[in-house]
Structures are given as C-alpha cells and as structure tokens.
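Down below is the structure, laid out as structure tokens.
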Amino acid sequence: MNWKDYIVSDREVLLGKPVIKGTRISVEHIVGLLAQGWSAAQILENYPRLTKESLQAVFAYIQECIHDGLLFSPVKKSA
C-alpha cells in the first residue's frame, strides 16, 4: 500500500493538512472519527467518496509518520 496514491497535501486545501485525494476530508478528521468509536463501515457509509483503500492509506500514513518520529508524545520527567 502506497499511501501517497491516496493522501495529498495542498496549501490551498484545508491550509495544507493531509487529505484523501479528490476530497476535502482530512486524515485528522478520519482519525478523529475512529477515536470516537466509528467503524470503518460507518465511515464508508457516511462518506461515500472514500474507499477501503483510502482508509488503509490513512493507517499507512500514520504508521510512516510514527516510524519517522513525526508523531510522538514527549515523555514527562518525574519531579
């Protein structure tokens, strides 16, 4: 799965946030829906322009960001 086939960033669309290609649906929005408990089936039903592959691309994108150290929470040092 090459997430770059499904996710793009354009400064003219949502201030450059990564979105599903051909939509204004951001990766952040999809992750937010999943965090709220939405299933993949619910997302696909409510956003018919998305595909199973585009949802998989969101996960591949996030995995690569984590792998590259772009997403992490700093460890708080104990006092």
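The values are calculated or read from the model by the stated rules, or taken from the named source; none is laboratory data. Computed from a prediction, not measured in an experiment: that's the story for all the values here. Because the Cβ atoms are built from the backbone with ideal geometry, glycine has one as well, and the counts that use them run over all protein chains shown.
When segment 1-17 is filtered for residues that are surrounded by fewer than 14 Cβ atoms within 10 Å (Cβ to Cβ), in a loop (DSSP other than H, G, I, E, B) and of a type in the set (A, V, I, L, M), only Met1 remains.
Taking segment 28-45, which residues are surrounded by fewer than 11 Cβ atoms within 10 Å (Cβ to Cβ) and more than 21 Å from Lys17 (Cα to Cα)?
Gly37, Ser39, Ala41
Applying the selection to segment 46-64, what residues are free of Cβ contacts under 8 Å to residues at least 12 places away in the same chain and exposed (fewer than 13 other Cβ atoms within 10 Å of the Cβ)? Selection gives Asn46, Pro48.
Counting only helices (runs of 4 or more DSSP H) wholly contained in segment 18-79, the ones carrying 3 or more residues that are modelled with pLDDT of 95 or more and farther than 15 Å from Lys4 by Cβ occupy 27-35, 40-46.
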